[in-house]
Amino acid sequence: MSAQATEAIDTKTLWGGGTSPFKVSYGKMMMWFFLISDALTFGGFLAALGFMRHSLADSWPVAEQVFYHFPFVPHHVHLPLLYVALMTFILIVSSVTMVLAVEAGHRMDKKGVTKWLGLTVVGGLIFLGSQAWEWSTFIHGSDYGAYKLENGAAAELREDGSLSIPLSMRDKFANYEDYDASTATLSGASAELIKESSEHVHGANLTRNEYGHQLYANFFFFVTGFHGTHVLSGVILNLIIFVNVIKGVYHKTGHYEMVEKSGLYWHFIDLVWVFVFTFFYLI
Amino acid sequence: MERDDTYEYSLDTHHSEEEGVKARKKIWMVTLILSIATIVEVMLGVFLPKTAIGDSAALWQSVKLAYVALTMVKAGYIVLIFMHLGDEKKALKWIILAPYALFIMYLLFILLIEAAA
């Protein structure tokens with residue numbers, strides 16, 4: 001203790017004048033600290049999602065049977081999760097253009113930064129538009145809606161009047177007389193009985209969900225919504241920095257560290273989506 | 001006095017054209033890896049969908065594990081290469097990763113162990 005107290009270290013050597021024990025600037029370190037706290041929030045969301053879906057496994061919808069639409073493709077063509085996969089790819093590509101902008105910044109290549117950062121903003125906007133489309137599709141629901149049983153299970157109505165049973169809920173319908181296990185559909189008298197005795201639900205929001213348990217819809221809106229808010233603020237941040245790059249603000253300062261800092265945030269958004277893609281959609 | 005445990009850092013960590021070529025090569029390499037991982041995930045979803053193999057089948061458990069493994073690979077490349085955490089000082093790297101890993105592993109542990117209804 002006393003030995004340390006006698007070694008007087010002037011603060012300029014330690015923190016004040018361009019030195020840091022971690023060899024990073026203040027701004028970059030604070031961005032990392034913010035990202036850790038943000039990652040804990042998302043970690044909490046995804047852990048809660050895993051917990052709830054496990055305890056409600058027999059009324060939890062299967063994402064493949066919910067997200068099968070594709071823009072400009074007729075509804076009867078089922079393309080399970082393909083559009084979500086495309087959105088994932090778009091976000092990864094926009095992460096690549098961001099890291100290329102950072103690299104161009106290291107070479108003081110103003111033209112390169114402008115090009116790659118501009119493309120990153122475009123990628124972010126495409127992703128946001130895709131998410132808006134996906135929300136609208138989910139809220140709108142399937143073509144004919146579904147019948148919800150009291151235990152939370154759902155049976156989707158088909159054009160011909162039969163009921164299609166989602167994968168995780170098949171045990172609940174296996175005892176019905178007219179249940180066809182090979183196609184997982186229910187028709188005839190049992191289908192009519194369900195239609196008379198249970199509620200017809202069309203679409204999904206925070207108070208009803210035609211696909212199965214209500215919490216599925218709630219988690220969908222909260223997890224993808226919280227991520228989408230991050231994408232929106234990331235696009236705005238990148239746009240402001242993009243304008244500054246064109247104006248030559250960072251070129252005059254002599255470094256493009258601002259692009260690096262917003263780059264950290266943008267990569268984090270991509271990182272979160274990689275986890276959302278796996279734990280909300282794929283598994 | 002001079003200290004030997006502090007490091008000079010510079011905001012203008014510029015690199016030359018030559019280093020730039022190298023850096024870009026690395027970026028495209030990682031892009032390729034991330035794309036392949038995503039394509040494998042999509043292929044798994046197309047050829048081994050949960051709806052066809054059943055959610056209680058042993059095969060589905062392996063597919064799930066494959067998804068988690070691919071996700072971890074992607075996360076590793078994004079954090080270490082794209083976010084440059086692999087190039088930072090070891091102390092900073094662990095100050096960021098260790099507390100996070102500790103909290104999340106504890107959360108998952110407590111959910112798995114204490115959550116029996």
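Just so you know, all these numbers are worked out from the coordinates, no wet-lab data involved. Just so we're clear, the structure is a prediction, and the values are computed from it rather than from any experiment. Ideal geometry is used to build each Cβ from the backbone, glycine not excepted, and the neighbour counts take in all protein chains shown.
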- prompt: So for the pair residue A:236, residue A:206, with labels modelled 7 Å out along Cα→Cβ, what separation do we get in nm?
  reply: 2.0 nm
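For peptide B:99-110, how many partner chain Cβ atoms fall within 10 Å of a residue's Cβ, on average? Could the numbers behind the result be given before it?
On the way: counts 2, 6, 0, 0, 5, 6, 0, 0, 7, 5, 0, 1.
Mean partner-chain Cβ count within 10 Å for B:99-110: 3.
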- prompt: What list do you get for B:73, A:249, A:96 if you sort them by fewest beta carbons within 10 Å?
  reply: A:249, B:73, A:96
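Please state the relative contact order of chain B as a whole percent: Cα pairs under 8 Å, 6+ residues apart?
Contact order relative to length: 20 percent.
Among the GluC sites (Glu not before Pro) within segment A:125-157, which fall in a DSSP loop and have no more than 11 other Cβ atoms within 10 Å of their own Cβ? Could you put the intermediate results ahead of the total?
Values: sites: A:134, A:150, A:156; in loops: A:150.
Passing sites in segment A:125-157 are A:150.
Run the helix sum for chain A: -39,500 (n - 2.57) per DSSP H stretch of 4+ residues, divided by residue count, reported at 222 nm to the nearest 500 deg cm²/dmol. Before the final figure, lay out each step's value.
On the way: 9 runs with 164 residues, N = 283.
Roughly -19500 deg cm²/dmol at 222 nm, from the helical runs in chain A.
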- line: Per the charge dipole of the protein assembly as shown (beta-carbon charges, Lys/Arg positive, Asp/Glu negative, Cα centre), the residue among B:100, A:239, A:66 reaching farthest to the positive end is A:239
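When you look at the Cβ of every residue in A:105-118, what mean number of other chain Cβ atoms sits within 10 Å?
Working: counts 3, 8, 7, 3, 2, 0, 0, 1, 0, 0, 0, 0, 0, 0.
Counting Cβ atoms of other protein chains within 10 Å of each residue's Cβ and averaging gives 2.
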field: Length-normalised contact order of chain A in % [C-alpha pairs under 8 Å, at least 6 apart]
entry: 24 percent
- line: Lys pairs in chain A with Cα under 16 Å (8 or more apart in sequence, or on separate chains) total 11
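Just subtract the alpha-carbon distance of residue A:218 and residue A:135 from 0.36 nm times their residue separation and send over the number in nm, one decimal.
Working: separation 83, 0.36 × 83 = 29.88 nm, distance 1.20 nm.
Contour length minus Cα-Cα distance gives 28.7 nm.
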field: With Cα atoms, 0 to 90° folded angle of helix A:214-247 axis to chain A main axis
entry: 30 degrees
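Which order results if A:98, B:72 are arranged by neighbouring Cβ count within 10 Å, fewest first? Mind showing how you got there, number by number?
On the way: A:98 30, B:72 14.
So the residues, fewest neighbours to most, are B:72, A:98.
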- line: Between the Cα axis of helix A:110-140 and the main Cα principal axis of chain A, the angle (0 to 90°, nearest 10) is 20 degrees
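By count of other Cβ within 10 Å, fewest leading, how are B:83, A:108, B:105, A:87 ordered?
Numbers: B:83 27, A:108 16, B:105 10, A:87 20.
Going from sparsest to densest Cβ surroundings: B:105, A:108, A:87, B:83.
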- request: Using only atoms on other chains, find how many Cβ atoms lie within 10 Å of each Cβ of peptide B:81-91 and report the average.
  value: 5
